[in-house]
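The values are calculated or read from the model by the stated rules, or taken from the named source; none is laboratory data. Everything quoted here is computed from the prediction, not taken from an experiment. As a convention, Cβ positions derive from the backbone with ideal geometry for all residues, glycine included, and neighbour counts pool all protein chains shown. Note: areas computed on protein heavy atoms with side chains; ligands, DNA, RNA excluded. Shrake-Rupley method; radii C 1.70, N 1.55, O 1.52, S 1.80 Å.
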Amino acid sequence: MKYYKDFADFLAEHFDGKMQKLSKMQKLSVNAGFTCPNRDGTVGTGGCTYCNNQSFSPDYCRPLRSVTEQLAEGKQFFARKYPSMRYLAYFQAYTSTHSADVDRLMDLYHEACSVDGVDGVIIGTRPDCMPDILLERLRELPWVMVEYGAESSHDTTLDRINRCHSWCDTVDAVVRTHCAGIPCGLHLINGLPGENEEMMLATVDAVNALPVDVVKFHQLQLIRGTRMAVDVEQGLYDVPRFTPESYARLCAGIVKRLRSGIAIERFVSQSPPELLIYPRWGLKNYQFTEIVNKEIKRVRSEMDRV
């Protein structure tokens, strides 16, 4: 039994009839060689304190390779098991709209869409990096979704982790994207320093007030080589220490709180073991989702007995 709208449900609304099994649609990450305005001095330096881009970039994503080459290698990996797989090109690394040259950006996105089997693109970016002119041009693509890294609705948290944007920036970007007729996703992190469960659920309430289509949660991961890892090691602050069970309870609370029309793409992320300091749960994404569903079922059963 499904207890919430998931990413496959969202895709079915947009690609109904194009594939026999929408579960066989796969995102392929692309690294187009962008940097980040929070690294190059545009809005800040040093980057977000938790960020090590290596922790979420697949090996085939090398900026020296063209978009077409990266997608071809990604397709080859999945095609052996799923010959009829369809794909979405996921511009994931760093800030994938961080360029003053809109034509260059559109060339990259069009290149991705021209690859056989690729039905559209998902663009990962920051809420302060989406000019109106680019939103207008994005409508040229066969299908596109924009995913904004929001992380939290609390400006105190955003300042603490050196995001160099505000929640107001997120609200503005989401509203403009929705008005442009483009599906919109938000990326959020549970367990950022200084936040308790009440604050995390308050972020869910803030998301409910926006025209958001998809949310992607994950637990804070303490990664080697990041400023946050150094700060925690030096005892400047600590981060919430979830067990799989306590985090599953939080996720069940999020499902209960989140507006039902918003799809949840995931609850957890998995960084390479050699980079990960905490948490080291040893669970695959699907295994954790099973724990969340059991927790949701338990909570509902208790409510039914009341």
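Could you go through segment 94-107 and let me know if any residue there is outside any loop (DSSP other than H, G, I, E, B), modelled with pLDDT of 95 or more, buried (at least 19 other Cβ atoms within 10 Å of the Cβ) and aliphatic (A, V, I, L, M).
Checking segment 94-107: not a single residue is outside any loop (DSSP other than H, G, I, E, B), modelled with pLDDT of 95 or more, buried (at least 19 other Cβ atoms within 10 Å of the Cβ) and aliphatic (A, V, I, L, M).
Mind checking whether some residue in segment 295-303 is at pLDDT 95 or above and among the aliphatic types (A, V, I, L, M)?
No, segment 295-303 contains no residue that is at pLDDT 95 or above and among the aliphatic types (A, V, I, L, M).
Here is a yes/no grid of residues against (1) open to solvent by 10 Å² or more (accessible area, probe 1.4 Å); (2) of a type in the set (A, V, I, L, M, F, W, C):
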| position | (1), (2) |
| --- | --- |
| HIS187 | yes, no |
| THR226 | no, no |
| ILE264 | no, yes |
| ARG280 | yes, no |
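Determine which single condition GLU245 fails, assuming it passes every other condition in (1) open to solvent by less than 60 Å² (accessible area, probe 1.4 Å); (2) more than 24 Å from LEU186 (Cβ to Cβ).
(1)
Could you grab me the full set of residues in segment 173-185 that are surrounded by 18 or more Cβ atoms within 10 Å (Cβ to Cβ) and either out of contact with any Lys or Arg (no Cβ under 9 Å at 6 or more places or on another chain) or assigned to a helix (DSSP H, G or I) (or both)?
Once the filter is applied, which keeps residues that are surrounded by 18 or more Cβ atoms within 10 Å (Cβ to Cβ) and either out of contact with any Lys or Arg (no Cβ under 9 Å at 6 or more places or on another chain) or assigned to a helix (DSSP H, G or I) (or both), segment 173-185 yields ALA173, VAL174, THR177, PRO183, CYS184.
Pairs, please: C-beta under 7 Å, at least 6 apart or cross-chain, first residue open to solvent by less than 10 Å² (accessible area, probe 1.4 Å) and in segment 124-138, second of a type in the set (A, V, I, L, M, F, W, C) and part of a loop (DSSP other than H, G, I, E, B)?
What qualifies is LEU135/ALA180; LEU135/ILE182; LEU138/ILE182.
Provide a single number: the residues in segment 108-135 that are assigned to a loop (DSSP other than H, G, I, E, B) and among the polar types (S, T, N, Q).
Total satisfying the criteria: 1.
Looking only at segment 73-87, filter to residues that are part of a loop (DSSP other than H, G, I, E, B) and not basic (Lys, Arg); which one of those is surrounded by the fewest Cβ atoms within 10 Å (Cβ to Cβ)?
For segment 73-87, the residue satisfying everything is PRO83.
For residues in segment 139-162 being surrounded by fewer than 21 Cβ atoms within 10 Å (Cβ to Cβ) and free of Cβ contacts under 8 Å to residues at least 24 places away in the same chain, which is nearest to ASP205 (Cα to Cα)?
By that ranking, first place goes to ASP155.
Of these, ASP128, ASP155, ASP116, which one is acidic (Asp, Glu), under 22 Å from ARG39 (Cβ atoms) and at pLDDT below 95?
On inspection, the qualifying residue turns out to be ASP128.
Read through the list (1) modelled with pLDDT of 90 or more; (2) hydrophobic (A, V, I, L, M, F, W, C); (3) crowded, with 18+ Cβ neighbours inside 10 Å, then give the number of the only condition that PHE56 fails.
(1)
When you scan segment 13-53, how many residues do you find that are aliphatic (A, V, I, L, M) and modelled with pLDDT of 90 or more?
Result for segment 13-53: 2.
Looking at (1) open to solvent by less than 60 Å² (accessible area, probe 1.4 Å); (2) modelled with pLDDT of 80 or more; (3) more than 29 Å from VAL292 (Cα to Cα); (4) part of a loop (DSSP other than H, G, I, E, B), which is the one condition that is false for GLN70?
So the condition that GLN70 fails would be (4).
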